[in-house]
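Here is the structure we will look at, set down as structure tokens.
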Amino acid sequence: MLLGFALAEALHAGAGSAAPPDPVADPPPAHGSRIGLADAVGLTLARHPDLARARATLARGRADLGAARSLWTPQLSYQANLGPNMLSGKSGSGLNDNMAGPSLTLNQLAWDFGRTKGEIGYARSTEKQRRFELESAADQLAETGALAYLDVKRFELLQLETAKHVQSLEHLQMLIQLRVDAGLSDRSDLLLADVRVESARGDQIQAGSSLTAAKVTPANLIGVMPEVYDDPAQAIERFAPHDGEPDFATLPAVAAAEQAEQAASARVGQARAERFPRLGIQLGYSRNNYTYNNRDDAFSAMVTVTGDLVRRSNRYAVKAAEEDRRAAQATKESTILDIRGRALAAREQIRGGYLRIRAYRRQEQQAVDASAIFLEEYKLGKRSLTELLNAELEIYRAASARIAAEYDILGARVQYENVFGQLRQSLGLPSSMTQDDGDG
């Protein structure tokens with residue numbers, strides 16, 4: 001599939017931006033193209049703005065981490081003063097007497113009892129959290145794109161089944177017309193057949209509208225309106241079976257919540273350290289060039305101690321940070337609970353779907369057999385036309401319900417695969433949206 005070749009390069013772009021393509025400079029493929037499930041999901045990931053936003057947030061997290069680490073690097077500052085008594089020492093007012101001239105100061109943090117460590121720890125955990133949130137967003141978009149694709153195929157098959165139903169009723173209508181012309185059936189039978197045919201044609205129009213509406217969602221996601229959608233069953237059947245519960249620690253959503261909890265813990269340590277002083281080393285130089293004395297240049301080298309004697313807000317800052325940590329821990333537990341619930345729901349939907357398919361297949365076969373028998377008995381006058389038409393309707397209903405059950409299973413398998421964090425890999429797409437560059 002031609003769409004897949006352009007896709008792989010876009011997905012391997014790593015941490016780069018994934019802005020939607022320009023419709024003028026990069027128009028979507030023309031109608032008449034075909035697309036598969038993996039290509040549809042890949043194009044969704046390549047162009048969706050949610051991932052561009054997540055990448056920008058990740059880049060912001062990396063910048064914040066760099067800024068936090070720079071607190072341990074020396075800081076060079078300067079100062080220059082302007083005012084009276086700058087050019088002469090003969091001012092009688094004494095204003096700005098011995099005012100310092102230009103100065104340079106080099107400050108190096110020596111120890112702050114955990115403030116900087118907490119700041120760096122918070123920034124590091126937040127950067128990792130943003131990385132996992134990017135992967136989690138990609139997983140969710142992959143599921144959304146896959147389910148939208150399945151909806152198209154579902155309504156496509158339902159439309160075909162409706163067309164078969166209309167064709168079957170039209171064939172029966174033609175036979176009744178021949179019987180009426182031959183005087184073997186009443187004209188009321190033909191009227192009843194006409195009513196059923198028109199009703200089925202209405203269902204066909206509705207099925208076509210539903211298919212068109214279903215195509216809008218993936219077209220909006222991928223920027224393409226293909227005419228041919230490949231059968232997704234083969235791709236989904238290759239999914240490996242899963243037993244038990246997923247490894248929660250490896251799932252991006254849980255890992256992001258875990259990093260949020262660690263970031264909150266770092267904030268607690270940082271808030272507690274505010275009660276202690278900061279120790280630093282300062283080297284300075286200033287030139288007193290505004291007065292005429294014998295000590296024109298001044299050099300300094302000292303250890304600085306700074307801190308707050310009384311700051312009541314520190315206690316509340318610690319309390320707030322501890323509550324943030326509790327909230328982050330609850331968020332992680334809620335995320336695990338939600339994933340476990342989705343796994344159980346998908347598993348039951350798969351199990352129930354297979355039971356439904358077996359029941360609907362039996363119903364469909366029995367309705368087909370009954371329709372053939374009723375047709376012969378109708379010709380002999382042993383069955384009414386209503387019974388024959390009802391048998392045709394049961395064929396259509398059973399077939400439609402079977403298709404719905406089949407695609408419920410496919411959709412549940414997609415969701416189940418995503419619960420285990422394997423959907424993108426199982427579709428042959430890159431497992432990571434960023435290049436593994438460590439912590440930066």
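Which value in Å does the Kirkwood hydrodynamic radius of segment 118-246 take, with 1/r averaged over all unlike C-alpha pairs and then inverted?
For segment 118-246, inverting the mean 1/r across all distinct Cα pairs yields 19.4 Å.
In the set (1) 18, 32, 24, 15, 7, 3, 1; (2) 22, 47, 25, 5, 0; (3) 24, 59, 16, 1, which value of P(r) over Cα pairs in 20 Å bins from 0, in percent was calculated from the structure you see?
This structure yields the entry labelled (1).
Could you tally the net charge around Ala359, taking each other residue with its Cβ under 15 Å from the Cβ of Ala359, Lys/Arg +1 and Asp/Glu -1?
Spelling it out: positives minus negatives among the neighbours equals +3.
What lysines does Lys332 reach when the alpha-carbon gap must be under 17 Å and sequence neighbours fewer than 8 apart in one chain are set aside?
By straight Cα distance, Lys332 reaches Lys128.
Can you list residues whose amide H is under 5 Å from Thr304's amide H, if they're 5+ apart or on another chain and H is modeled 1.01 Å from N?
Gly280, Ile281, Gln282
May I ask you to derive the FRET efficiency for Gln79 and Lys319 from their Cβ-Cβ distance with R0 = 35 Å, giving the value to the nearest 0.05?
0.35
What list of ³J(HN,Hα) couplings, whole Hz, do you get for segment 117-134 from phi and the Karplus terms 6.51, -1.76, 1.60, once you set θ to phi - 60° and write x for glycine and proline?
Here the 3J(HN,Hα) series is 4, x, 5, 5, x, 5, 5, 5, 5, 5, 4, 5, 4, 5, 5, 5, 5, 4 Hz.
Helix 49-69: angle to the longest alpha-carbon principal axis of the chain, degrees 0 to 90, nearest 10?
20
For the chain, which span is the longest to avoid every loop-located (per DSSP) member of trypsin sites (Lys or Arg not before Pro) having at most 15 other Cβ atoms inside 10 Å?
91-237
Grab the other residues whose beta carbon is less than 15 angstrom from that of Gln167, score K and R as +1, D and E as -1, and report the net.
-2
If you build a Gaussian network model of the chain, linking Cα atoms that sit under 10 Å apart, which residue out of Ala345, Ala46, Ala264 swings the most?
Checking each option, the largest mean-square fluctuation is seen for Ala345.
Taken together, the values in this text are just the output of simple stated rules run on the coordinates, not laboratory data. Just so we're clear, the structure is a prediction, and the values are computed from it rather than from any experiment. Note that each Cβ is placed from the backbone with ideal geometry, even for glycine, and that neighbours are counted across all protein chains shown.
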